[in-house]
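All of the numbers you see were taken from the coordinates with simple rules; none came from a lab. Here the structure is a predicted model, which is why all the values come from computation and not from measurement. Cβ placement follows ideal geometry from the backbone for every residue including glycine, while neighbour counts extend to all protein chains displayed.
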Amino acid sequence: MSQGSMVMKEGVRIVRGTPDAPLRGPALFLRLRRIVVPGKPARTTASLATARPNPAGYVIKDLIDDMELEPKEALAKAIAIAKRGGVEEIYVNADLTKLPGRRVAVG
């Protein structure tokens with residue numbers, strides 16, 4: 001996916017990058033990081049957070065921090081969580097500090 005691209009997987013919109021319009025409903029945010037340690041194989045870690053809009057801004061909560069999964073597996077896990085929670089959008093490698101609107105609380 002290129003920056004800002006969108007695809008549908010299992011009924012969930014997957015978007016690369018930070019939203020440029022306020023969220024209309026709850027969304028998941030999947031962050032993937034590649035960690036390289038000299039002399040060892042590179043590994044990928046992923047974290048997952050949620051942002052829920054309310055009249056005053058967003059409530060942001062960390063769900064999973066630093067799970068060691070390959071990107072495809074991390075995305076599959078995020079999609080499964082989204083479907084169970086009724087979430088329709090997942091943003092990949094978005095900057096939560098740049099969400100349009102005001103932040104209310106971080107959990």
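What length, rounded to one decimal in nm, is gained on full extension from ASP20 through to ALA76, with 0.36 nm per residue of separation minus their alpha-carbon distance?
17.7 nm
Count the lysine pairs in segment 6-106 that are 8 or more places apart or on different chains: how many have C-alpha atoms under 16 angstrom apart?
4
Compute the long axis of helix 71-85 from its Cα atoms, compare it with the longest principal axis of the Cα atoms of the chain, and write down the angle in degrees, 0 to 90, nearest 10.
For 71-85 against the chain, the angle is about 30 degrees.
Counting just the Cα atoms, what span does segment 6-106 cover along each of its three principal axes? Round to the nearest Å and put the largest first.
Computed over the Cα atoms, the extents are 50, 28, 21 Å.
At 7 Å along Cα-to-Cβ for each site, give me the label-to-label distance between ASN54 and ARG13 in nm.
Placing both labels 7 Å beyond Cα along the Cβ direction yields 2.4 nm.
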